[in-house]
Amino acid sequence: MTDMTVKGAALAAAAAGDFSELPIHNPSVECASRERIRAIQLAGLIEQVAWTYERVPWYRARMDEQGVSPADIRTLEDVRKLPFTDKSVLRDTFPYGLFAVSLDEVVELHASSGTTGKPIVVGYNAHDMDLWADCIMRLVQMAGVVPGDRAQMAFGYGMFTGGFGLHYGLQKLGCMMIPAGSGNTERHIAMIEDYGTTVLVATPSYALHMCEVGEQMGFDWKASTLRVGLFGGEPCPPGLKAEIEGRMHIVCTDNYGLTEVMGPGVSGECLASRDMQHIAEDHFLWEVVDPDTGEPVPDGEEGELVLTPLGKQAIPVLRYRTHDLTRVTCEPCACGRTHARMRKVRSRSDDMLIIRGTNVFPSQVEDVLAGIEGVAPHYRIVVDTARGLDRMTVHAELKPEAFSDSFQQMEALRRLVEERLKGVLLVGARVKLVEPGGIERTTGKARHVEDRRKPSA
Amino acid sequence: MSVRQISVFLESRPGHLRRVLDAFEEAQVSVRGYSASDTGDYGIVRFIVDAPERALAVLRDMGAAARIGDVLCVRLNDEPGELARVMGVMADCGINVTYSYSLISTYIALSVEDIGRAEELLASEPVELVGQDALAAPLARNEGRRDA
């Protein structure tokens, strides 16, 4: 754990390597043997495929085409016989085409932000809401959240799954919810002070913004009641998390999830292995495949994560292609849980940029910036073309303390960033230094990349 | 004798300098001279003001990248050949002027590497150095502008 003031005995023990004082929500499942987990998954898969085949015409048609019936699912590996589901399917069947239950039974709708065209809409029945809350209760306890904690929500509520998803789970656990919602940073900070907030739910970039605003207001983070940050909504690079932990004096974890398979809570970080997240394996069957061929990659190697929710009733997607790149290990974890751990998603296969024939991931840019003193780990990448060639420009935020009254020194810093980027990306990028605070902090998915190139014909 | 200079990092985009000036105005900081230079993407804007500490606090409150430093300030007579004469004195004393810009009326600010040494060298030269106080006074009194 990073250098910080850890508040509370359980977190202090965890910081010292003893995780026994941290709660585990459902030990009989979360700490079950691998054999038992596989048995739970197989039973869940068989039931899920039957449920889906019987109730969703789209899947029945695909499975019939491929000559596979629910009776063909006898082992976990048989999942490979099933068709993949891509995001486009949810878009094409908008709004209710994939629903497996009567709308009378649906108790809540959510939708993804929908950057292109129509949004993706998903529904939940009461059973799904329980399942979702179960996932949330697990991951918040991994961070040491306990009943009685006071949790302040800085996600927007609305159609985004993050707000209500965390809200219901935390409330069900027995936390006092403070549904502040997104925006109005000064008010957020005042509420922490007034209500004795102990847990903050936010995107990491918004948490950092709160931290900066609080510091400017003279708010004493170290003395505040806040002790845990629950992050989501966007990937959280390790450097950024360490910075927030150090400056806000809290322990932060982030979770992974996506609207199409449920929302937040598919997997969550435990304090024993901080670059990994435990997948709720009884609720989600995972596969890691080659993004190009769809074939499984060897155990432990990187590939695209494919998820099949187990027991989810209202929208039962099969083999959802996440486009998120990760690797998964089933090795035991020091926290005591046996559920598989996925390496945190740093890049999506569809986030990848191809610059003059070279693959570039925004996470690489993030890594380079995190390693340079004079710039903040916020960035924006703009790609356009100049004389027919791709041109990449990285906007990096100058740290106030790195400013000097000398163009030579500013240019030296700028060139240092350029050189380091070139070393890692293997393709040249122009660096523009921008003012502190000049990169937008988002409350939803951070928009790091702007590709202005015309789509090729 | 020297004066304080505030430097601030600004992107070369419409409205960025104005934001700083608006904040100065609100804090009743009066700009007595400034220079804005750029690299195309960003620039360093240097200010000499009547209340440098307050100006710096304003910028820090805004979260801006800003610094405070010292420069020499010389009062020139408004007559032909005066700038050449003063720069000649600098050259004769072996003082390298890294950059220089003019302030209100015939004051010029000069950035040099070693202010203390420059002051010593210039003490016996026909050059009138001024301090912060001289800049706080309204122009009319020093220059005899005859309005009201």
For A:Y379, residues with placed amide H under 5 Å, excluding near neighbours: none
In degrees, nearest ten, helix B:52-61 long axis to first principal axis of chain B (Cα): 20
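By DSSP, what percent of the beta bridges with both residues in segment A:142-290 are antiparallel, rounded to the nearest 5? If you can, show how the numbers build up before the last one.
On the way: 7 of 21 bridges.
Within segment A:142-290, antiparallel bridges account for around 35 percent of the total.
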Sorted largest first, the Cα spans of chain B on the principal axes come out in Å as 43, 41, 25
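So if each residue of separation counts as 0.36 nm, and I subtract the Cα-Cα distance between B:D114 and B:S102, what length gain in nm does that give? Let's see the in-between values first.
Details: separation 12, 0.36 × 12 = 4.32 nm, distance 1.99 nm.
This chain segment gains 2.3 nm when fully extended.
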Leaving out ligands and nucleic acids, and using a 1.4 Å probe, what accessible area per residue does segment B:2-70 come to in Å²? 46
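For chain A, what does the accessible surface come to per residue with a 1.4 Å probe? Please give it in Å².
On a per-residue basis, 41 Å².
With a 1.4 Å probe and all protein chains left in place, how much of the accessible area of the protein assembly as shown comes from carbon and sulfur atoms, in whole percent? Walk me through the intermediate numbers first.
Details: 13070 of 26300 Å².
Of the solvent-accessible surface of the protein assembly as shown, carbon and sulfur hold 50 percent.
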Please give the length that would be gained between A:D104 and A:Q171 if that part of the chain were fully extended, namely 0.36 nm times their separation in residues minus their C-alpha to C-alpha distance (nm, one decimal). 21.6 nm
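Taking R0 as 56 Å, what's the FRET efficiency between A:L416 and A:A71 from their Cβ-Cβ distance, rounded to 0.05?
On the way: r = 62 Å, r/R0 = 1.12.
Efficiency, rounded to the nearest 0.05: 0.35.
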What is the distance, in nm, between label points placed 7 Å from the Cα along the Cα-to-Cβ direction at B:D92 and at A:V382? 5.1
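Over 17 Å, how big is the tail of the calculated P(r) for segment B:71-141, in percent of all Cα pairs? Present the calculation step by step, with values, prior to reporting the outcome.
Details: 952 of 2485 pairs.
Value for segment B:71-141 (Cα pairs over 17 Å): 38 percent.
Suppose R0 equals 56 Å. What FRET efficiency, 1/(1 + (r/R0)^6) with r the Cβ-Cβ distance, do A:E373 and A:A334 give to the nearest 0.05?
Working: r = 32 Å, r/R0 = 0.58.
Efficiency, rounded to the nearest 0.05: 0.95.
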Global geometry of segment A:219-367, whether rounded, prolate or oblate, following the gyration tensor of its Cα atoms and the 1.5 cut on a/c: oblate
In order over segment A:16-33: 3J(HN,Hα) from phi, Karplus 6.51/-1.76/1.60, θ = phi - 60°, whole Hz, x for each Gly or Pro, gives 8, x, 10, 9, 5, 8, 7, x, 10, 4, 9, x, 5, 9, 6, 10, 5, 5
Please name whichever of B:A36, A:G165, A:M210 sits farthest to the positive end of the charge dipole of the protein assembly as shown, dipole taken about the Cα centre and charges placed at Cβ: Lys and Arg +1, Asp and Glu -1. A:G165
Non-local residues with an amide H under 5 Å from the amide H of B:E128, with H modelled 1.01 Å from N and Pro and chain starts lacking one, are B:R75
Can you tell me the dipole magnitude for chain A around its Cα centre, using point charges on the Cβ only (Lys, Arg +1; Asp, Glu -1), in Debye to the nearest 20? 680
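Under the Kirkwood approximation applied to all pairs of distinct alpha-carbon atoms, what is the hydrodynamic radius of the protein assembly as shown in Å? It would help to have the intermediate numbers written out before the result.
Numbers: mean 1/r = 0.0361 Å⁻¹.
This gives a value of 27.7 Å.
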Which residue, A:Q41, A:P70, A:C31, has the largest displacement toward the positive end of the dipole of segment A:1-91 when charges sit on each Cβ (Lys, Arg +1; Asp, Glu -1)? A:P70
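Per residue, how much accessible surface does segment B:71-141 expose to a 1.4 Å probe? Answer in Å², no decimals. Display every interim value, and only then the final one.
Numbers: 3640 Å² over 71 residues.
I get 51 Å² per residue for segment B:71-141.
What's the extension gain from A:D292 to A:N359 if we count 0.36 nm per residue and subtract their Cα-Cα distance?
Working: separation 67, 0.36 × 67 = 24.12 nm, distance 1.46 nm.
So the extension gain works out to 22.7 nm.
So if I place +1 on the C-beta of Lys and Arg and -1 on the C-beta of Asp and Glu, and nothing else carries charge, what would the dipole magnitude of segment B:2-70 be about its Cα centre? I want it in debye, nearest 20.
Details: 9 positive and 10 negative charges, 17 e Å.
Here the size comes out at about 80 debye.
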Which whole-Hz couplings ³J(HN,Hα) result when phi for each residue of segment A:300-309 is put into the Karplus expression 6.51 cos²θ - 1.76 cosθ + 1.60, θ = phi - 60°, listed in order with x for Gly and Pro? x, 8, 6, x, 8, 7, 10, 10, 10, x
Just the Cα atoms of segment A:1-142: what Rg and Dmax do they give in Å? 20.1, 59
Karplus couplings for segment A:352-368 from phi (6.51 cos²θ - 1.76 cosθ + 1.60, θ = phi - 60°), rounded to Hz, Gly and Pro as x? 4, 9, 10, 10, 6, x, 9, 6, 10, 9, x, 4, 5, 4, 4, 4, 5
Could you name every residue in segment B:45-81 that has 40 Å² or more less accessible surface in the full protein assembly than in its own chain alone (probe 1.4 Å, ligands and nucleic acids excluded)? B:G63, B:A65, B:R67
Find which of A:P362, A:A376, A:A340 sits farthest along the positive direction of the dipole of segment A:339-383, computed with +1 on the beta-carbon of Lys and Arg, -1 on that of Asp and Glu, about the Cα centre. A:A340
Under 5 Å between amide H atoms, partner at least 5 residues away or on a different chain: which partners does A:D254 have, H built in plane at 1.01 Å? A:F231, A:E269
If you count the DSSP beta bridges with both ends in segment A:236-340, what percent of them are antiparallel, to the nearest 5? 100
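In debye to the nearest 20, how big a dipole does segment B:71-141 give about its Cα centre with +1 on each Lys and Arg Cβ and -1 on each Asp and Glu Cβ?
Numbers: 4 positive and 11 negative charges, 40 e Å.
My answer is approximately 200 debye.
For chain A, what proportion of DSSP beta bridges, expressed in % and rounded to the nearest 5, is antiparallel? Show your work: numbers first, answer last.
Working: 42 of 65 bridges.
Taking every DSSP beta bridge with both residues in chain A, the antiparallel ones total about 65 percent.
Normalising by the residue count of chain A, find the relative contact order in percent from Cα pairs under 8 Å and 6+ residues apart.
Rounded, it is 15 percent for chain A.
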Before rounding to the nearest 500, sum -39500 (n - 2.57) across all DSSP H runs of length at least 4 in chain B and divide by the residue total; then give [θ] at 222 nm in deg cm²/dmol. -10000 deg cm²/dmol
Rounded to a whole number, what is D in µm²/s for segment B:2-70 from Stokes-Einstein with the Kirkwood radius over alpha-carbon pairs (20 °C, 1.002 mPa s)? 180
Taking both sides together, what accessible area is buried at the B/A interface, probe 1.4 Å, expressed in Å² and rounded to the nearest 100? 1600
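What does the C-alpha gyration tensor say about the overall shape of segment A:195-252? Classify as rounded when a/c is under 1.5, otherwise prolate if a/b is larger than b/c, or oblate. Could you put the intermediate results ahead of the total?
On the way: a/c = 1.70, a/b = 1.40, b/c = 1.22.
Judged from the Cα gyration tensor, segment A:195-252 comes out prolate (a/c at least 1.5, a/b above b/c).
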Per residue of chain A, what 222 nm ellipticity follows from adding -39500 (n - 2.57) for every DSSP H run with n ≥ 4, rounded to the nearest 500? -9500 deg cm²/dmol
Round to the nearest 10 and give me the degree value, 0 to 90, for the angle of helix B:82-93's Cα axis relative to the longest principal axis of chain B. 80
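The values are calculated or read from the model by the stated rules, or taken from the named source; none is laboratory data. This is a predicted model, so every value here is computed, not measured. Cβ coordinates were reconstructed from backbone atoms using ideal geometry, including for glycine residues, and neighbour counts include every protein chain displayed. Remember, those area values only see protein heavy atoms, side chains included, never the ligands or the DNA or RNA. Shrake-Rupley method; radii C 1.70, N 1.55, O 1.52, S 1.80 Å.
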